[in-house]
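Trainee: Pasting a structure below so you can have a look.
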Amino acid sequence: LETSAIYSVAELLRGGTGLIKQRPFRSPHHSVSSTAIVGGGSVPRPGEVSLAHNGVLFLDEMPEYSRATLESLRQPLEDGCVTITRVGGKATYPSAIMLICAMNPCRCGYFGHPERACTCRPADVKKYISRISGPLLDRIDIQIEVPPVTFDEMIEDTEAESSAVIRRRVTDARAFAEKRMRETGDAPTVSARLTSGQLKKYCCIDDSAKKLMGQAFRSMQLSARGYDRILRVARTIADLAHSETIGIPHMAEAIQLRCLDRKFFQ
């Protein structure tokens, strides 16, 4: 209903289709303006971040987007909504999205490659990466480096885990978390949308995991938001393992899922 209402306002509902029944997937080109991303116009209209509400906003080649466009995402990601004020009126649109981004490590694409040499100068690599600001990076929960695929891996016959199997695992983890929240009288929600109070309430960390997190916080020079994001990921990993307490395995995995902080941005 929420997504359909946004598309109706944007005049993007096709005649006779009724409600939107699939989660939206939006993938704007990197030449998109900040107004097209967050919304605007003389009469405020929803942008890509709202058109992706309850779905996915995918930014391919992330550093190629303008700095202004990327920075405009900070507030909608934090608040889950965006308010647009123009002479013709003021409107607030929801923007509860899953932001997924992809990028090369440098312009030539081979920085850190195990077999091919990077042709970029160190200063150029730093300049390319620095187009993504620390505050925006802090708002991205999971940051992983995808290694190049070898020829042997491409031709092997081993079947990968199916999406249906992964979906069942995710559904079980959400049911586990939902049961915990219902028992305390809270409305069920995912880890990414827990309030700060709920985060303290539901993230029970054992002493060894606290010690590990403290070491990571100092060595990675994390911000308070970075710590918050790791904690949310650790809570999800513990839910996948059906564990009420966040232990060392859950915390260690969550820390490992922030590789960009360690490799590129220090």
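Trainee: Would you kindly find the accessible area of Tyr110, with a 1.4 Å probe and non-protein molecules such as ligands, DNA and RNA excluded, rounding to the nearest 10 Å²?
Mentor: Rounded to the nearest 10, that gives 70 Å².
Trainee: Ignoring ligands and nucleic acids, what accessible area does Leu222 show with a 1.4 Å probe (Å², nearest 10)?
Mentor: Ignoring ligands and nucleic acids, Leu222 comes out at about 20 Å².
Trainee: Could you give me the ³J(HN,Hα) list for the range 182-187, computed from phi with Karplus coefficients 6.51, -1.76, 1.60 and θ = phi - 60°, whole Hz, x at Gly and Pro?
Mentor: Residue by residue, the range 182-187 yields 5, 5, 9, x, 8, 6 Hz.
Trainee: Please return the longest stretch of the chain lacking exposed loop sites, where trypsin sites (Lys or Arg not before Pro) count only if DSSP places them in a loop and at most 12 other Cβ atoms lie within 10 Å.
Mentor: Longest run free of exposed loop sites: 117-266.
Trainee: For the range 96-213, compute Rg over Rh where Rg is the Cα radius of gyration and Rh is the Kirkwood radius from the inverse mean 1/r over Cα pairs.
Mentor: 1.07
Trainee: Carbon and sulfur: what percent of the chain's accessible surface (1.4 Å probe)?
Mentor: Of the solvent-accessible surface of the chain, carbon and sulfur hold 54 percent.
Trainee: Let me ask another. So, R0 is 25 Å and r is the distance between the beta-carbons of Ser133 and Ser196; what FRET efficiency does that work out to, to 0.05?
Mentor: E between Ser133 and Ser196, to the nearest 0.05, is 0.65.
Trainee: Here's another thing I want to ask about it. At what distance in nm do the modelled label points of Asp172 and Ala102 sit from each other, each positioned 7 Å from its Cα along Cα→Cβ?
Mentor: 3.0 nm
Trainee: So if we plug the beta-carbon distance of Gln215 and Ala187 into 1/(1 + (r/R0)^6) with R0 = 41 Å, what FRET efficiency do we get, rounded to 0.05?
Mentor: 0.70
Trainee: Kindly report the accessible area of the range 94-232 per residue (heavy atoms of protein chains, probe 1.4 Å, no ligands, DNA or RNA), in Å².
Mentor: About 67 Å² of surface per residue is accessible.
Trainee: OK, next. Enter the accessible area of Val165 (Å², nearest 10), with the probe set to 1.4 Å and all protein chains included.
Mentor: Accessible area, nearest 10 Å²: 50 Å².
Trainee: Mind checking the range 157-247 for GluC sites (Glu not before Pro) that DSSP puts in a loop (not H, G, I, E or B) and that have at most 15 other Cβ atoms within 10 Å?
Mentor: Filter output for the range 157-247: Glu159, Glu161, Glu244.
Trainee: Between Phe151 and Arg74, 0.36 nm times their residue separation minus their Cα-Cα distance comes to what?
Mentor: Stretched fully, the Phe151-Arg74 segment lengthens by 23.8 nm.
Trainee: Lys127: which lysines have alpha carbons under 22 Å from its alpha carbon, excluding same-chain residues fewer than 8 sequence positions away?
Mentor: Lys263
Trainee: Sticking with this structure for a sec: Less than 18 Å from a label point 7 Å out along the Cα-to-Cβ axis of Ala164: which backbone N atoms in the range 231-257 qualify, by residue?
Mentor: none
Trainee: Starting from the 7 Å offset along Cα-to-Cβ, what nm value, one decimal, do you get for the label separation of Ser42 and Ala10?
Mentor: Label-label distance for Ser42 and Ala10, simple model: 2.2 nm.
Trainee: Helix-derived [θ] at 222 nm for the chain: sum -39500 (n - 2.57) over DSSP H runs of at least 4, divide by residue count, nearest 500?
Mentor: Mean residue ellipticity at 222 nm (helix-derived): -12000 deg cm²/dmol.
Trainee: Sticking with this structure for a sec: Taking the Cα centre of the range 205-266 as origin, work out the dipole magnitude from +1 charges on Lys and Arg Cβ and -1 charges on Asp and Glu Cβ, in debye rounded to 20.
Mentor: In debye, rounded to 20, the range 205-266 gives about 340.
The values are calculated or read from the model by the stated rules, or taken from the named source; none is laboratory data. Quantities reported herein were computed from a predicted structural model and do not represent experimental measurements. Neighbour counts run over all protein chains shown; Cβ positions are idealised from the backbone, glycine included. For the accessible areas, the whole protein counts, side chains as well, though only heavy atoms, and no ligand, DNA or RNA atoms are used. Shrake-Rupley method; radii C 1.70, N 1.55, O 1.52, S 1.80 Å.
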